[in-house]
Amino acid sequence: MSPVAQNPTKNPLATGPAKPSRMQRAGAWSRRMPLLPALIFVILLTQIPFVTTIVISFMKWNAYYPDEIVFAGLSNFVKVFTDVNARQAILVTIILTVSVVVISLLLGLGAALLLDHSFPGRGIVRTMMITPFLVVPVAAALLWKHALYNPVYGLFNGLLRLVFGENAPQPDWISEHPLWAVIVAIVWQWTPFMMLIILAGLQSRPLDVVEAARIDGATGRQIFTHMTLPHLRPFMELAALLGAINIVQNFDHVFTITSGGLGTANLPYYIYQTFYTAHDYGRASAAGVIVVIGTIIIATFALRTVFTIFNEETR
Amino acid sequence: MSTTPAPVIAPVAPEESRDGAAPLRADRTSLRPWQVATLVALLGFALFPAYWMVSTALDPRASTRGGSLLPSGLTPRHFSFVLGDGGFGAFLLNSALVAVVTVLISSAVALLAAVAVARFRFPLRRQILVMILVAQMVPLEALVIPLFLQARTLHMLNSLLGLAVVYLAFSLPFAVWQLRGFVAAVPVEVEEAAYVDGCGWGQMFLRVLLPLVAPGLVATSVFSFITAWNEFIFALTFLQDDDKYTVAVGLQKFFGEHTADWGPIMAASTLITVPVVVFFLLVQRNLVSGLAAGAVKG
């Protein structure tokens, strides 16, 4: 009966004993003490840079004018929202994130469902499916840009020549479809991640219930829409949330494949440019804060799921 | 004794017989032809670019390969060029140093912090958890500014250690969240039993909790490692000297100097990917179950 084992008072399920005695409480604190530095370290290291970003976003701070660092109110945010490039970057970020998450989630779902069947070599196939996730992003982006998309030496146009002969169309993939070039390359990298989480969800599905449904005459499609999908929902939401958080921040692919040109500059690239080229720390920070707010808004739905789980297991 | 709500799935020791070498649990129905075709197509999509990378790295006439599916021959020449003149030996060492420091510190700190948030009730506990999650949503590019200024003040701009501290800040939120699920999944009764048997907190931690959350530690260390190994923008902005470059920056700079030499570029790409693959294969048994358990527990 230690106070450590008690439910938080917020949990209505708590059936713990009455208030612990002072001695028990002292014992609990001696158990907590070793953890305190770690927790404080985590909080400091993860929060201070973010808080500093927020502070800088309210300041007029350009490295070219080091003597004019003053409080600027909301002017940086106004600048970001009225800047055509920034608005374009926000739009690109949304399109990029939504397309990549949706496509890679569907591909990952498909792969996970297929891998849930039994066939020889399944473990090996699964490991091979994970490969794209393991390639260093900069290397993957270089690979897509040059070895695959390149109009002269690239694989895609080489294949077109192989199939359609010398008169095959030879599109310049990146300049004709810049955004799609980036999207496909990121989808390639992120599909395995989605697959892994969904597959883990499938593995935790109670199969006896599925068997029972099958015996009762449920078709494969019925089992999928009424049993498998509802079971997978929290897993897919979590995969989408984690994926979205990461893809909103994608910089490596945009920087490597298009260098932010051809209308593919997303917010991270915009921040990078504002910071390194314009040296406008205030405006770059404001854009960063906007990304965070946007991410939180998008993630709220998924977060809610996370917190229902969270509520269930607090003790 | 408190009630222990049934976890969504039981993630204690979830690694057994589910993944990796052990047989996966499976739907008993076998694949239909269209499903096989789809799987092959997905596999092709996943593997072909990677195959292309490796085979081009080995192709003696890599620059003029075009669409030929098989390399014109096999040669280690590009690899030796990259490691020798390209200086990738040093880049690999730099990255390994940064990644190992990040993994060790973040695992230790995140585990202790995870125990704190999973086990103990204290004011603002929930708020702290949300703050940690929000920290994960801040784009790296936004953090570049304060961290760059900070590192410049501390004269850690051109230092691998400074980079490791930055990566620590990135890998900690995910690690804390992931490990929190694992710690929460260990029944409190197990800890109680250890105390009853006369263990102190330290002994309980080392002998009871640590072995039980080991799969979670493996999963988080993989992610910390990959975070540190792959990271690009901070390495690009922090490191000024060639001899300090990590692999991602090294590759980018190397590419700038050898724009059309596909062989060496793909060899370098392959070379820097190999450690990730090796690390992953070593721990993949624990990884998927770890990811799942942590995922379900939030």
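The values are calculated or read from the model by the stated rules, or taken from the named source; none is laboratory data. Predicted, not measured: the structure shown is a model, and the values here were computed from it. Backbone-built Cβ (ideal geometry, glycine too); neighbour counts: all protein chains shown.
Against the list (1) within 23 Å of A:Ile293 (Cβ to Cβ); (2) in a helix (DSSP H, G or I), the condition A:Met236 fails is (1). A search for C-beta distances below 9 Å between a residue of the stretch A:111-126 that is more than 16 Å from B:Leu281 (Cα to Cα) and facing chain B (nearest Cβ under 9 Å) and any residue that is of a type in the set (D, E, K, R) and assigned to a helix (DSSP H, G or I), counting only pairs 6+ apart in sequence or on different chains, returns A:Ala111/A:Arg126; A:Leu115/A:Arg122; A:Leu115/A:Arg126.
For the stretch A:258-293, taking the residues that are buried (at least 24 other Cβ atoms within 10 Å of the Cβ) and more than 10 Å from every other protein chain (Cβ to nearest Cβ), the one that is nearest to A:Ala139 (Cα to Cα) is identified as A:Thr264.
So if I check each of A:Val42, A:Val4, which one is under 22 Å from B:Ala113 (Cβ atoms), crowded, with 19+ Cβ neighbours inside 10 Å and modelled with pLDDT under 70? Spell out the reasoning first.
Values: A:Val42 fails: modelled with pLDDT under 70.
Being under 22 Å from B:Ala113 (Cβ atoms), crowded, with 19+ Cβ neighbours inside 10 Å and modelled with pLDDT under 70 holds for just one of A:Val42, A:Val4, which is A:Val4.
Would you pick out the residues in the stretch A:242-301 that are part of a loop (DSSP other than H, G, I, E, B) and either touching a helix residue (DSSP H, G or I) at 6+ places or on another chain (Cβ under 6 Å) or over 22 Å from A:Leu74 (Cβ atoms) (or both)?
Of all residues in the stretch A:242-301, those part of a loop (DSSP other than H, G, I, E, B) come to A:249-251, A:259-266, A:277-279.
Passing the criteria: A:Gln249, A:Asn250, A:Phe251, A:Ser259, A:Gly260, A:Gly261, A:Leu262, A:Gly263, A:Thr264, A:Ala265, A:Asn266, A:Thr277.
With respect to the conditions (1) surrounded by fewer than 21 Cβ atoms within 10 Å (Cβ to Cβ); (2) within 23 Å of B:Val276 (Cβ to Cβ), B:Asn158 lacks only one, and its number is (2). Of a type outside the set (Gly, Ala, Ser) and modelled with pLDDT under 80: is that true of A:Leu134 in this structure? So A:Leu134 does not fit the description; no.
Which is crowded, with 16+ Cβ neighbours inside 10 Å, β-branched (Val, Ile, Thr) and at pLDDT 85 or above, of B:Thr102, B:Thr75, B:Thr56?
None of the other options fit; the residue is B:Thr102.
Could you check, for the stretch A:247-270, whether at least one of its residues is more than 16 Å from A:Ala185 (Cβ to Cβ) and touching a strand residue (DSSP E or B) at 6+ places or on another chain (Cβ under 7 Å)? No, the stretch A:247-270 has no match at all.
A count restricted to the stretch A:189-228 and to residues that are under 21 Å from the mean Cα position of the chain (by Cα) and away from chain B (no Cβ under 11 Å) stands at 2. Which pairs have Cβ atoms under 6 Å, sit 6 or more apart or on different chains, and link a residue in the stretch B:71-85 that is without any contact (Cβ under 8 Å) to a residue 60 or more places away in the chain to one that is assigned to a loop (DSSP other than H, G, I, E, B) and basic (Lys, Arg)? Sorted first by the residue in the stretch B:71-85, then by its partner, the pairs are B:Ser72/B:Arg61.
Please give the helices (runs of 4 or more DSSP H) falling wholly within the stretch A:67-179 in which 3 or more residues are polar (S, T, N, Q) and over 18 Å from B:Leu47 (Cβ atoms). So that I can check it myself, show each step before the final result.
Values: elements: A:75-82, A:84-115, A:122-134, A:137-142, A:155-164, A:173-176.
In the stretch A:67-179, the matching helices (runs of 4 or more DSSP H) lie at A:75-82, A:84-115.
The single residue among B:Leu93, B:Leu97 that is over 24 Å from B:Val208 (Cα atoms), surrounded by fewer than 20 Cβ atoms within 10 Å (Cβ to Cβ) and touching a residue at least 60 places away in the same chain (Cβ under 8 Å) turns out to be B:Leu97.
Of all residues in the stretch B:40-59, those that are among the acidic types (Asp, Glu) have Cβ atoms under 7 Å from Cβ atoms of residues that are surrounded by fewer than 21 Cβ atoms within 10 Å (Cβ to Cβ), 6 or more apart or on another chain, in B:Asp59/B:Pro71; B:Asp59/B:Ser72; B:Asp59/B:Gly73.
Taking A:Phe119, is it of a type outside the set (A, V, I, L, M), surrounded by 14 or more Cβ atoms within 10 Å (Cβ to Cβ) and either at pLDDT 80 or above or under 30 Å from B:Ser224 (Cα atoms) (or both)?
Values: of a type outside the set (A, V, I, L, M): yes; surrounded by 14 or more Cβ atoms within 10 Å (Cβ to Cβ): yes; either at pLDDT 80 or above or under 30 Å from B:Ser224 (Cα atoms) (or both): no.
In short, no.
Scoring B:Pro211 on the criteria (1) modelled with pLDDT under 80; (2) under 18 Å from B:Ala113 (Cα atoms) leaves a single failure, condition (1). Restricting the stretch A:255-269 to residues that are hydrophobic (A, V, I, L, M, F, W, C) and more than 14 Å from A:Asn85 (Cβ to Cβ) leaves a set whose member that is farthest from the chain's Cα centre (by Cα) is A:Ile257. Residues of the stretch A:225-257 that are surrounded by 14 or more Cβ atoms within 10 Å (Cβ to Cβ) and either without any contact (Cβ under 8 Å) to a residue 12 or more places away in the chain or among the hydroxyl-bearing types (Ser, Thr, Tyr) (or both): A:Thr228, A:Thr256. Residues in the stretch A:48-105 that are among the hydroxyl-bearing types (Ser, Thr, Tyr) and in contact with a strand residue (DSSP E or B) (Cβ under 9 Å, 6 or more places away or on another chain): A:Tyr64, A:Ser75. At negative phi, surrounded by 13 or more Cβ atoms within 10 Å (Cβ to Cβ) and modelled with pLDDT of 80 or more - does that describe any residue in the stretch B:28-36? Yes, some residue in the stretch B:28-36 is at negative phi, surrounded by 13 or more Cβ atoms within 10 Å (Cβ to Cβ) and modelled with pLDDT of 80 or more. The single residue among B:Ala228, B:Ala185 that is buried (at least 23 other Cβ atoms within 10 Å of the Cβ) and out of contact with any helix residue (DSSP H, G or I) (no Cβ under 6 Å at 6 or more places or on another chain) turns out to be B:Ala185.
Considering every residue within the stretch A:97-108, establish whether at least one is at the interface with chain B (Cβ under 8 Å from one of its Cβ atoms), under 30 Å from B:Glu231 (Cβ atoms), in contact with a helix residue (DSSP H, G or I) (Cβ under 6 Å, 6 or more places away or on another chain) and not acidic (Asp, Glu).
Within the stretch A:97-108, the first condition is being at the interface with chain B (Cβ under 8 Å from one of its Cβ atoms), and the residues that meet it are A:107.
Imposing the further condition that a residue be under 30 Å from B:Glu231 (Cβ atoms) reduces the set to A:107.
Filter again for in contact with a helix residue (DSSP H, G or I) (Cβ under 6 Å, 6 or more places away or on another chain), leaving A:107.
Still in the list and also not acidic (Asp, Glu): A:107.
Yes, the stretch A:97-108 contains a residue that is at the interface with chain B (Cβ under 8 Å from one of its Cβ atoms), under 30 Å from B:Glu231 (Cβ atoms), in contact with a helix residue (DSSP H, G or I) (Cβ under 6 Å, 6 or more places away or on another chain) and not acidic (Asp, Glu).
Here is the figure for the stretch B:252-272: residues that are free of Cβ contacts under 8 Å to residues at least 40 places away in the same chain and part of a helix (DSSP H, G or I) total 6.
Quick check, is A:Val248 at the interface with chain B (Cβ under 9 Å from one of its Cβ atoms), of a type in the set (Val, Ile, Thr) and under 30 Å from A:Val84 (Cα atoms)? Yes; evaluated as a whole, the condition is true for this residue.
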